[in-house]
Amino acid sequence: MGPDEAVVVRAAELVRKAARWAEHDSLPAEDELDKFLRTGPHETITVADDGEDPPAGRVVRATYSRPFVAHASMAPSCGIAVWRGPGRVDVWSHSQGVFPLARAIAGALGLEAEAVRVEHAENAGCYGHNAADDAAFDAVLLARAVPGTPVQVLWSRQDELAWAPFGSAMTADVAATLSPEGLLSSWEYDVYSQGHTARPGYAGVPGLLSATLLDPPAIYPAAVDPPAAAGAGSTRNALPGYDLPRRRITGHRLIESPIRSSAMRGLGAYLNVFAIESFLDEASAAAGRDPLEFRLAHLSDPRGRRVLETAAEAAGWGRPRDDGVGLGLGYARYKGRGAYCAVVAEVEAETEVRVRRLHIAVDVGLVVNPDGVRNQIEGGATQSASWTLVERVRFDRRQVTSDTWESYPILRFSQTPAIDVTVIDSAEPSLGAGEAAQGPTAAAIANAVAAAIDVRVRDLPLTTEAIIAAINRDT
């Protein structure tokens with residue numbers, strides 16, 4: 001800590017190099033995340049159970065997964081604090097919740113709630129819960145040592161990528177029965193995940209990283225999930241938006257974990273929609289039916305049908321394609337009660353996967369700001385494409401290793417697809433546009449890859465290595 005940033009950074013680097021940490025093997029094996037998520041213990045979440053046994057018929061099964069994902073904001077987290085004393089502190093933070101952060105700081109330090117004032121300041125945004133709150137608390141701890149002196153804490157890029165909360169890894173099992181008519185006659189779905197919120201104050205604890213290093217250290221429970229009324233977490237969009245009989249849908253939230261997870265855009269909807277929509281393509285192939293026609297045969301909601309048909313028409317669904325080029329569909333109504341979104345991806349798969357174009361149709365009810373809707377959908381689709389194609393948190397048994405842009409790549413400008421968004425006119429009540437495109441985009445890309453190379457990749461991201469592993473699995 002000091003008045004010259006450059007000097008402080010050099011000193012911190014010297015300390016970092018000289019430090020010897022009492023590390024031990026506490027993290028799961030990176031290539032065994034599926035096993036880690038299933039081992040438990042779990043909270044069991046029943047989403048739907050129609051109480052009927054599956055009928056006789058052809059059974060189709062598959063398992064899908066995603067790794068841990070980082071926020072990877074362009075700028076790392078920052079916080080400023082002034083310890084006014086005695087027992088009073090002012091804080092400036094880009095936290096998404098300044099009042100919960102103030103209460104968490106007070107709780108962690110045993111202060112009166114009114115003694116902590118947090119003011120929001122603009123900085124790099126995020127898509128849920130990043131390290132903004134942690135950086136603010138770091139500043140408070142340092143400011144306490146020098147009362148009256150403003151203290152700024154700026155995390156490094158390495159700190160941000162290695163220590164901020166992650167979007168949880170997830171895995172899902174899907175099983176369904178096909179009737180002789182080629183329709184789904186039962187549906188079973190089990191999703192395994194860590195919780196999706198560890199924001200300050202979750203589960204009745206402050207939830208601030210540095211508090212675990214104080215004496216005595218804070219001990220925090222694993223991340224929890226929002227209640228179903230607030231959109232759920234692990235089971236968000238686990239209930240398909242189709243007309244399906246004999247449903248059994250269950251979530252399994254891990255209640256012990258050494259890896260901190262919290263809110264990431266879409267929470268569990270990203271993996272759940274990816275799994276459901278990928279499986280629908282696999283089921284349609286087993287039934288010998290076109291993926292679009294198969295979806296429409298199970299969808300009576302006219303607004304859902306309209307976005308699917310609109311996106312498909314815009315993409316020229318059913319047209320001849322060059323070798324190595326595929327079209328794929330993805331559809332969902334976000335949270336089951338929000339915006340309707342359908343995506344058709346055009347993908348070229350040769351030495352690597354390249355998404356040429358995304359055709360998106362969205363119904364958000366009465367549109368107040370059409371440009372704002374398109375911006376939200378385009379941004380969400382672009383971010384989803386990055387998650388789907390390249391993003392993955394890497395770690396060994398002791399620490400996160402993907403702490404640079406080289407080891408944690410995001411989609412480059414040269415790799416981003418062209419995006420066409422059709423906003424459907426509607427007189428229905430307005431719905432939020434944010435996060436609606438995340439899951440459908442992932443599913444559309446994966447389904448397009450399968451159409452292009454006739455190989456189903458069920459584990460994200462869709463890297464060359466993942467495709468080779470899928471080829472080896474099928475041979």
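Details
- In the range 332-370, the residue that is farthest from E465 (Cα to Cα) out of those that are in a loop (DSSP other than H, G, I, E, B) and among the β-branched types (V, I, T) is V368.
- The range 241-285 - residue that is outside any strand (DSSP E or B) and polar (S, T, N, Q) and, of those, farthest from R295 (Cα to Cα): S257
- Within the range 188-240, the residues that satisfy the criterion of being surrounded by fewer than 17 Cβ atoms within 10 Å (Cβ to Cβ) and aliphatic (A, V, I, L, M) are A203, L213, L214, A218, I219, A228, A229, A230.
- Which numbered condition G79 fails, given (1) under 26 Å from D459 (Cβ atoms); (2) of a type outside the set (V, I, T); (3) surrounded by 14 or more Cβ atoms within 10 Å (Cβ to Cβ); (4) modelled with pLDDT of 95 or more: (1)
So that you can scan it fast, the table gives a plain yes or no per residue for (1) farther than 29 Å from G167 by Cβ; (2) not assigned by TED's automatic domain parsing to the domain that holds L239:
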{"site": "V7", "(1), (2)": "yes, yes"}
{"site": "R10", "(1), (2)": "yes, yes"}
{"site": "A18", "(1), (2)": "yes, yes"}
{"site": "W21", "(1), (2)": "no, yes"}
{"site": "S26", "(1), (2)": "no, yes"}
{"site": "K35", "(1), (2)": "no, no"}
{"site": "P41", "(1), (2)": "no, no"}
{"site": "T44", "(1), (2)": "no, no"}
{"site": "V47", "(1), (2)": "no, no"}
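- Elements of the type strands (runs of 3 or more DSSP E) sitting completely within the range 56-150 and holding at least 2 residues that are out of contact with any Ser or Thr (no Cβ under 7 Å at 6 or more places or on another chain) and among the aliphatic types (A, V, I, L, M): these cover 58-66, 78-83, 89-93.
- Selection of first residues in the range 107-118 that are modelled with pLDDT under 95 and of second residues that are of a type in the set (D, E, K, R) and part of a helix (DSSP H, G or I), restricted to Cβ pairs under 6 Å at least 6 apart or on distinct chains, gives the following pairs, ordered by first then second residue: A113/R103.
- R305 vs. criteria among the basic types (K, R) and in contact (Cβ under 8 Å) with a residue 60 or more places away in the chain: no
- Single condition S384 does not satisfy, out of (1) farther than 13 Å from Q438 by Cα; (2) at pLDDT 95 or above; (3) not hydrophobic (A, V, I, L, M, F, W, C): (1)
- Pair list, Cβ < 6 Å and 6+ apart or interchain, from the range 83-103 residues that are on the phi > 0 side of the Ramachandran plot to residues that are in a helix (DSSP H, G or I) and surrounded by fewer than 19 Cβ atoms within 10 Å (Cβ to Cβ): G87/A115
- Exclusive hit being surrounded by 17 or more Cβ atoms within 10 Å (Cβ to Cβ), within 30 Å of H252 (Cα to Cα) and in contact with a helix residue (DSSP H, G or I) (Cβ under 9 Å, 6 or more places away or on another chain), set A102, A70, A135: A70
- Checking each residue in the range 229-264 for being charged (D, E, K, R) and farther than 23 Å from Y340 by Cα picks out R246, R248, R253, E256, R260.
- Filter result (in a loop (DSSP other than H, G, I, E, B), touching a helix residue (DSSP H, G or I) at 6+ places or on another chain (Cβ under 8 Å) and either among the hydrophobic types (A, V, I, L, M, F, W, C) or surrounded by fewer than 22 Cβ atoms within 10 Å (Cβ to Cβ) (or both)) within the range 433-455: A433, G434, A436, A437, V455
- Residue match in the range 170-182 (condition: surrounded by 21 or more Cβ atoms within 10 Å (Cβ to Cβ), among the aliphatic types (A, V, I, L, M), in a loop (DSSP other than H, G, I, E, B) and within 17 Å of the chain's Cα centre (by Cα)): no
- Any pair with Cβ under 8 angstrom, 6 or more apart, that starts in the range 321-333 at a residue that is surrounded by fewer than 24 Cβ atoms within 10 Å (Cβ to Cβ) and ends at one that is of a type in the set (S, T, N, Q): G326/N447
The values are calculated or read from the model by the stated rules, or taken from the named source; none is laboratory data. Note that the coordinates shown come from a computational prediction; the quantities given were computed from them, not determined experimentally. Reconstructed Cβ throughout: ideal geometry from the backbone, glycine too, with neighbour counts over all protein chains shown.
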